[in-house]
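Undergrad: Right, I'll just put the structure down here and ask away after.
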Amino acid sequence: MDLPEIADLWPSLAPSFENVTLRAFRLEDATMAVELSRDPYVPTTGTLPLNATPDQAQQWLQRQQTRHTAGTGFAFAVVDNTDGRCAGFTGLWVRELHAGRAQIDYGIAPSFRGRHLASAALRAVASFAWTIPELHRLELYIEPWNTASIRTAERAGYLREGLLRSHQKISGQRRNMLLYSSVRD
Ligand SMILES: CC(C)(COP(=O)(O)OP(=O)(O)OC[C@H]1O[C@@H](n2cnc3c(N)ncnc32)[C@H](O)[C@@H]1OP(=O)(O)O)[C@@H](O)C(=O)NCCC(=O)NCCS
C-alpha cells in the first residue's frame, strides 16, 4: 500500500472540541512543559525530564515540533480556549499506519486539571485522525491504577478491550496496560 507522507498531512484547520483547540507547539509553551515535568509520572512515559529546567523544556518542545517531519506522528499543544494558554499535550503516533492503527497519548499540566480537558483533546485529535483514510483504529495504553486517564478515555468514547500483561517497561519495571480503542464507524 502506498502510504501518505505524514509531513504533508498536518491539519489545515486546527482540530478542536468543546473548550480545547490543538495547534503546533511554540517555544512559549515551555511554561506548561516545566509545570508538567513536576508530575513524576509524566517523565516516565516520554522524553520530558523530571523537574525540567526552562532550557530542557524548550528542547522537549523542539523535539515535539519535528515529530511529523520525522514521520513518527503529530505532537499537538492542547490549548485551553477559555484563556488561550497551553494546558498540555496530545500525540497521534503513526508508526503502524501501514496496518491502519495509531496510538494516542496525552497529559495536562496540574494547574489545568479537573475540567476534562484531556477528553476534549482526545475527541479533537480523533476528529483529525479520521481525516487520514488509512487509519481505522486508534489505541490508548493506560496503566490500571491511572483512574484519571481511564475516566478520560471512557468519556471520549473509547472502549476497554482488555489487560495486556507485562506489556512494557516503565521506570525499570514491567507494567500491565489496559488497552482502549476507538474504531472508524
Ligand atoms: C490523565 C490526565 C491527562 C487527565 O487530565 P484532565 O483532563 O484534567 O482530567 P480531570 O482531572 O478532569 O479528570 C478526569 C476524570 O478523572 C477523575 N480523576 C482525576 N484525578 C483522579 C484521581 N487521582 N483519582 C481518581 N479519579 C481521578 C476525575 O474526577 C474525572 O472524573 P469524571 O470524568 O467522572 O468527572 C491528567 O491527570 C494527567 O496529565 N496525568 C498524568 C499523565 C497521564 O497519566 N497521561 C495519560 C497516560 S495513559
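Undergrad: Taking the simple approach of a point 7 Å from Cα along Cα-to-Cβ for both Ala7 and Leu159, what is their distance in nm?
TA: So the label points at Ala7 and Leu159 sit 3.8 nm apart.
Undergrad: With contacts defined as alpha carbon pairs under 8 Å and 6 or more residues apart, what's the relative contact order of region 10-183 in percent?
TA: Answer for region 10-183 is 19 percent.
Undergrad: A follow-up question, please. What length, rounded to one decimal in nm, is gained on full extension from Glu134 through to Asn19, with 0.36 nm per residue of separation minus their alpha-carbon distance?
TA: 38.6 nm
Undergrad: Right, something else. Sort 31-38, 178-185 for me by packing, meaning the mean count of neighbouring Cβ atoms within 10 Å per residue, highest on top.
TA: 31-38, 178-185
Undergrad: Among His167, His116, His68, whose mean-square fluctuation peaks in a Gaussian network model of the chain (Cα, cutoff 10 Å)?
TA: His167
Undergrad: Same structure again: Bin width 5 Å, alpha-carbon pairs only: give the P(r) of the chain as whole percents, running from 0 to the bin holding the largest distance.
TA: Reading upward from the zero bin: 1, 8, 17, 21, 22, 18, 10, 3, 0.
Undergrad: What does the charge dipole of region 56-181 about its Cα centre add up to, to the nearest 20 debye, if the Cβ of each Lys and Arg holds +1 and the Cβ of each Asp and Glu holds -1?
TA: The calculated dipole for region 56-181 is roughly 300 debye.
Undergrad: Can you give me the % of accessible surface on the chain that is carbon or sulfur? Probe 1.4 Å, all protein chains present, nothing else counted.
TA: Answer for the chain: carbon and sulfur cover 50 percent of the accessible area.
Undergrad: Next up: Check which residues have an amide H placed less than 5 Å from Gly73's amide H, if you skip close sequence neighbours.
TA: Distant-sequence amide H within range of Gly73: His68, Val94.
Undergrad: Hey, another quick one. Express in nm, to one decimal, how much length is gained between Gln62 and Thr44 on full extension, taking 0.36 nm for each residue of separation and deducting their alpha carbon distance.
TA: Roughly 4.6 nm would be gained on extension.
Undergrad: In units of 2.2 N^0.38 Å, what is the alpha-carbon radius of gyration of region 71-154?
TA: 1.10
Undergrad: Compare the Cα positions of Leu117, Leu159, Gly71 along the charge dipole of region 50-185 (+1 at Cβ of Lys, Arg; -1 at Cβ of Asp, Glu; about the Cα centre) and return the one farthest towards the positive end.
TA: Leu159
The values are calculated or read from the model by the stated rules, or taken from the named source; none is laboratory data. Keep in mind that what you see is a predicted model, and the values were worked out from it rather than measured. Cβ coordinates were reconstructed from backbone atoms using ideal geometry, including for glycine residues, and neighbour counts include every protein chain displayed. The protein model used for the area step is the full one, side chains on, heavy atoms only, and it has no ligands, DNA or RNA in it. Shrake-Rupley method; radii C 1.70, N 1.55, O 1.52, S 1.80 Å.
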